[in-house]
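Each reported figure results from applying straightforward, stated rules to the coordinates on display, with no laboratory input. Being a predicted model, the structure only gives us computed values, none of them experimental. Cβ placement follows ideal geometry from the backbone for every residue including glycine, while neighbour counts extend to all protein chains displayed.
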Amino acid sequence: MSSFRIRPAIESDAQGYIDLIRSVLIEQPPVDTPYAPEEFDPPVERIAGRIYDVNESENSCFLIAETDDEGMIGALTCAGGTLAADHHVTSLGMYVRKDWRDQGVGKALMDACMAWAEASPAVLRIELEVYAGNARAIHLYQKYGFDHEGRKRRMIYQNGAYIDNLIMARLLEKAD
Ligand SMILES: CC(C)(COP(=O)(O)OP(=O)(O)OC[C@H]1O[C@@H](n2cnc3c(N)ncnc32)[C@H](O)[C@@H]1OP(=O)(O)O)[C@@H](O)C(=O)NCCC(=O)NCCS
């Protein structure tokens, strides 16, 4: 397998990102994500616009992992709050392509995200929701200092069963 690198997304990554997420959503057995495959069909222009907006923003980031041979193999997004009251909050989501999991891609994306968050004066809280049974993701988040803040019981209904979501967050301390 070739080595991978992490970089901020640019607008021309939009189709690659859509293809990555689609490849994850059609996996069997299903991954721990609430979207059904048919519920993720954004126009490429909308994703390109989102990448543009993120790159203009101080409380959002859009990172990708890629290889020379295979293109995009992972992505991490942080969506910043849109109100004055939650401008310091950013919501994290991440996906790594199935054949690249457990090889440090998630860790590399988290390293880059934490470096971005530390450097951004705006970001004081990174939060996320994760399926309570997603042991790998929870392990990764705990490793990066995310604490359990709560549990949304029966938050998800999928494949005939109710699933709890955990709320996790990491606070960043910064000088005023
Ligand atoms: C969760 C995800 C983003 C992590 O990315 P990744 O590239 O697989 O992660 P890494 O290889 O960097 O690290 C995985 C860590 O989890 C550990 N791990 C793997 N399976 C585990 C399990 N069942 N229980 C606990 N830890 C586990 C690995 O040992 C490794 O930890 P270590 O570095 O301390 O040894 C990726 O697996 C993924 O895309 N999963 C499907 C989508 C998803 O769940 N996204 C998160 C939604 S909140």
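A compact table of results
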{"read-out": "Likely footprinting exposure, V24, V105, fewest C-beta neighbours within 10 Å first", "value": "V24, V105"}
{"read-out": "Theoretical gain in end-to-end length, V44 to E11 [0.36 nm per residue, Cα-Cα removed]", "value": "10.9 nm"}
{"read-out": "Rounded if a/c under 1.5, otherwise prolate or oblate - region 99-176, Cα gyration tensor axes", "value": "oblate"}
{"read-out": "Relative contact order of region 72-176, defined on C-alpha pairs under 8 angstrom at six or more residues apart (%)", "value": "24"}
{"read-out": "Packing-based exposure ordering (other Cβ within 10 Å, fewest first) of S60, S3", "value": "S3, S60"}
{"read-out": "Distance between region 1-47 and region 99-176 - C-alpha centres, whole angstrom", "value": "18"}
{"read-out": "Estimated distance in nm for a label pair at E27 and A115, the labels positioned 7 Å out from Cα along Cα-to-Cβ", "value": "2.5"}
{"read-out": "Helix-only CD estimate at 222 nm, as mean residue ellipticity for the chain, using -39500 (n - 2.57) per DSSP H run (n ≥ 4)", "value": "-8500 deg cm²/dmol"}
{"read-out": "Helix runs (DSSP H) in the chain reaching 24 Å along axis by Cα, Kyte-Doolittle at least 1.6", "value": "none"}
{"read-out": "Kirkwood Rh and Cα Rg combined as Rg/Rh, the chain", "value": "0.94"}
{"read-out": "Packing-based order for 38-45, 162-169, using average beta carbon neighbours within 10 Å, highest first", "value": "162-169, 38-45"}
{"read-out": "Average Cα contact separation per residue, region 5-128, under 8 Å, 6 or more apart, as relative contact order %", "value": "25"}
{"read-out": "Cα-projected label distance for E173 with Y52, points at 7 Å along beta-carbon direction, nm", "value": "4.1"}
